[in-house]
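Single-structure report; data block below.
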Amino acid sequence: MPTDSGVASLAPATGAPSPPLPNVSAAVVPLALRGRWGRSPVDSGLGSAAPEGLSQPAGERQRRAHEVIEAQRAAARRAAREHLPSPAEVAKEIALALFEVEAGRRSAAQLERVCSPELWDMLENQVQRRGGPLPRSSDLLRVHFQELVPGLANTVALVQRGPRVQPVAMRLDACSGRWLVTELRY
């Protein structure tokens, strides 16, 4: 609207009704126009609601992102599982290899290849290379496994160590396309 000075003004003429606000989403309201707590006039009910994802609490977005990642991992496990050997065979080899490392007959780097990085960081200091008898394949008494979800197996290998039987429990994950130990207790 022109003024006496000839410069246009954005203020409405006195007595004239103000035009209605356009129907815009919160995504197009500039950050500088948002008030306290990051809310815009659109968020406060003067326009349409914000698009899905923008008005959700952070916890809800994180939960949905976690669900998507887990779904992708489950699909990768199912696809890889078809081409992998039995988890019982893998658990047998890993249990015997663990005791061979402790006996000093095998390099610990060979165990590192089948462990997740997080597990290896903890296990590296736990494995004691103290010598001792080399385990034979006949020392492996039994291997139990349970695979409730394809590509995710819980296993227990029972190994005879002198007069005692020692269990080696592990969780095997096929998400990476090969069996990877993610948890180990012995």
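For this structure, a couple of remarks:
- Scanning region 132-186 for residues that are within 19 Å of residue 113 (Cβ to Cβ) and of a type in the set (Val, Ile, Thr) returns 155, 168, 181, 182.
- Given (1) among the charged types (D, E, K, R); (2) farther than 24 Å from residue 145 by Cα; (3) touching a Leu at 6+ places or on another chain (Cβ under 8 Å); (4) at pLDDT below 85, number of the condition residue 105 does not satisfy: (4)
- Meets criteria (surrounded by 14 or more Cβ atoms within 10 Å (Cβ to Cβ) and either in contact with a helix residue (DSSP H, G or I) (Cβ under 9 Å, 6 or more places away or on another chain) or under 29 Å from residue 74 (Cβ atoms) (or both)) for residue 103: no
- Looking across region 90-107, the residues that are part of a helix (DSSP H, G or I) and in contact (Cβ under 8 Å) with a residue 12 or more places away in the chain come down to 90, 91, 92, 94, 95, 96, 97, 98, 99, 100, 101, 102.
- Positions within region 108-134 being under 17 Å from residue 166 (Cβ atoms) and without any contact (Cβ under 8 Å) to a residue 24 or more places away in the chain, in sequence order: 111, 126
- Residues that are in a helix (DSSP H, G or I) and buried (at least 17 other Cβ atoms within 10 Å of the Cβ) within region 74-87 comprise 77, 80, 81, 87, listed in sequence order.
The values are calculated or read from the model by the stated rules, or taken from the named source; none is laboratory data. Predicted, not measured: the structure shown is a model, and the values here were computed from it. Don't worry about glycine lacking a Cβ; one is built from the backbone with ideal geometry, like all the others, and counts go over all protein chains shown.
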